[in-house]
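Notes to accompany the following structure.
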Amino acid sequence: MIVSVFTALSLATNYALIGFQNVKLMDTLVFIVAFLFGVRLGIGVAVSTWLVYGLVNPNGVDGPIILSFLILGECFYAFSGAILSRTSVGQELSIMKPTDYSSRITGRIGVFRKLGRRIRKLNPARSLVFALVGLQATFCYDLLTNFASWLFLTTSLYQAFIIGNIIGAPFSVAHEGSNTIFFATVAPAVIVAARRMGIGFHSRGRLK
Amino acid sequence: MRFNFISQHKAFFSITILLAAIIVAVQGSAYYYYQKSNSACPSPCQGSNIRVETLINYGNGTSQWLNRTNISSNWNFYDLTNNITKVQATYYGPPTSEHLVTGINGVQSNGQYFWSLWAVCEKSNAWIATSVGADAIHFTTYHTLAWYFQAANSQDSSNWNPPVSGAAKVTVC
């Protein structure tokens, strides 16, 4: 159920964002699933999303080798979500309360009070952790998939790695930049909401 | 509370921030190198006119050679294609700022059929499916290029046919 709901959500957002190269919510959703429900479900969402998105895509169909690398790369988000949820940092993040500091900056002027309240609820420390983890997972994904794109077009693995990652640099920059923003905003919001609704490992106290 | 949280996990934050800084530096360098190697007028750029031969293969047995001798060396292959044919293209803005050519002279991409981009590798005198789009091709490396309308079941260009039937094909130039 969780895998199918999140796969549908990933696919819907992927197709909606088809005009924006390498800007996708899918990676954040895979991370969130793994953080809340474990690595197996995260991998389930990663694999099933790519099996559809890789084969039914207006920009072209992926071959089996590229597709396997894309799936493997997508699993990095599942691994990072699951690993973070098992660390003391991750467990504290999911129970952390809103801070009271942000009002000093954002809450003084009337129009910004509401926004300030929302930012306080997101907690900058939590957003920072998710943004950093998201950036690192995305970087690993980009290194792997840029390398894979050139695997059979170059004479050595080293050449494939270097050429792939230089020619793919604009895509990587867009991907890493957008994912850092999504991980800093969407991931903490969904995880906090899930905890309040009693969904996920942390809310049930399985990892205490 | 957030300052307490960060100070309680100094090691975690130090490592992750350090890694993030390394990633930004590596990716920034790769992007800079990419931009430099794809600049509008690569070295040597004297602003002189050069000769470029372009083959348009419509995939139905019809093809035409278009030879131009007055190409400004600061043009890219998209500029040239736009100049010698009627092009339909989708423009993708930054960071790539490239065109996806969807139609040439009224022949539009559909289903598995699309316009593939080829160049003659002068070193090996064989056709190569270019790894970059038309906007990133300048005429310092290639002087004979082709658009070939063909069906492809995979994005792996090593499986594609060259634009001239029976001609040699290489995957690395």
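Computed from the coordinates by the stated procedures, all read-outs in this text should not be read as laboratory data. Since this is a predicted model, take the numbers as computed values, not measurements. Counting neighbours? That spans all protein chains shown, and the Cβs are built from the backbone with ideal geometry, glycine included.
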>> How much length would be gained if the chain were fully extended between B:Ala11 and B:Ala167, taking 0.36 nm per residue of separation minus their Cα-Cα distance, in nm to one decimal?
In response: 50.2 nm
> At what distance in angstrom do the alpha carbon centres of region A:1-62 and region A:143-170 lie from each other?
Replying inline: 24
> With the contact rule set at Cα under 8 Å and sequence spacing of 6 or more, what percent relative contact order holds for chain B?
Replying inline: 21
>> What FRET efficiency comes out for B:Gln108 versus A:Leu17 if R0 is 22 angstrom and r is the Cβ-Cβ distance? Round to the nearest 0.05.
In response: 0.35
> Which residue, B:Asn161, B:Asn74, B:Asn105, tops the fluctuation ranking in a GNM of chain B built on C-alpha contacts under 10 Å?
Replying inline: B:Asn105
> To the nearest whole number, what is the average tally of beta carbon atoms from other chains within 10 Å of the beta carbons of peptide A:166-175?
Replying inline: 6
> Considering every pair of different Cα atoms, what Kirkwood radius, in Å, is found for the protein assembly as shown?
Replying inline: 23.2
> Taking the Cβ of A:Thr138 as the center, what net charge do the other residues with Cβ under 14 Å away carry, scoring Lys and Arg +1 and Asp and Glu -1?
Replying inline: -3
> Using a Gaussian network for chain B with springs between C-alpha atoms less than 10 Å apart, which of these wobbles most: B:Lys123, B:Lys86, B:Lys36?
Replying inline: B:Lys123
> Roughly how many nanometres apart are two label points built 7 Å out from the Cα toward the Cβ at A:Ala193 and B:Lys86?
Replying inline: 4.9
> Between rounded, prolate and oblate, where does region B:56-108 land on the alpha carbon gyration tensor, with a ≥ b ≥ c its root eigenvalues, rounded for a/c under 1.5, else prolate if a/b exceeds b/c?
Replying inline: oblate
> Sequence-distant or interchain residues sharing an amide H contact under 5 Å with B:Ile104, placed H: which?
Replying inline: B:Gln88
>> Run the simple label-point estimate for A:Arg86 and A:Leu55 please: 7 Å along Cα→C-beta, distance reported in nm.
In response: 3.1
> So who's got an amide H within less than 5 Å of the one on B:Lys169, skipping anything under 5 residues away but keeping other chains? H placed 1.01 Å off N, in plane.
Replying inline: B:Trp127
> Within region A:9-95, which chymotrypsin sites (Phe, Trp or Tyr not before Pro) sit in a loop by DSSP and count at most 16 neighbouring Cβ atoms inside 10 Å?
Replying inline: A:Phe20
> How do B:Arg68, A:Arg40 line up, fewest other C-beta atoms within 10 Å first?
Replying inline: A:Arg40, B:Arg68
> Considering chain B as a Gaussian network with a 10 Å cut-off on Cα pairs, which listed residue, B:Gly106, B:Gly93, B:Gly59, attains the greatest mean-square fluctuation?
Replying inline: B:Gly93
> Just counting partner chain Cβ atoms within 10 Å, what average do the residues of peptide B:4-11 show around their Cβ?
Replying inline: 3
> How many lysine pairs in the protein assembly as shown, separated by 8 or more positions in sequence or lying on different chains, have Cα atoms less than 20 Å apart?
Replying inline: 5
> Once phi is turned into ³J(HN,Hα) by the Karplus curve 6.51 cos²θ - 1.76 cosθ + 1.60 with θ = phi - 60°, what whole-Hz value does each residue of region B:14-28 show in order, with x for glycine and proline?
Replying inline: 4, 5, 5, 5, 4, 4, 4, 5, 5, 4, 4, 5, 5, 5, x
>> As an exercise, take the mean of 1/r over every pair of distinct alpha carbons in chain B, invert it, and state the Kirkwood radius in angstroms.
In response: 18.6
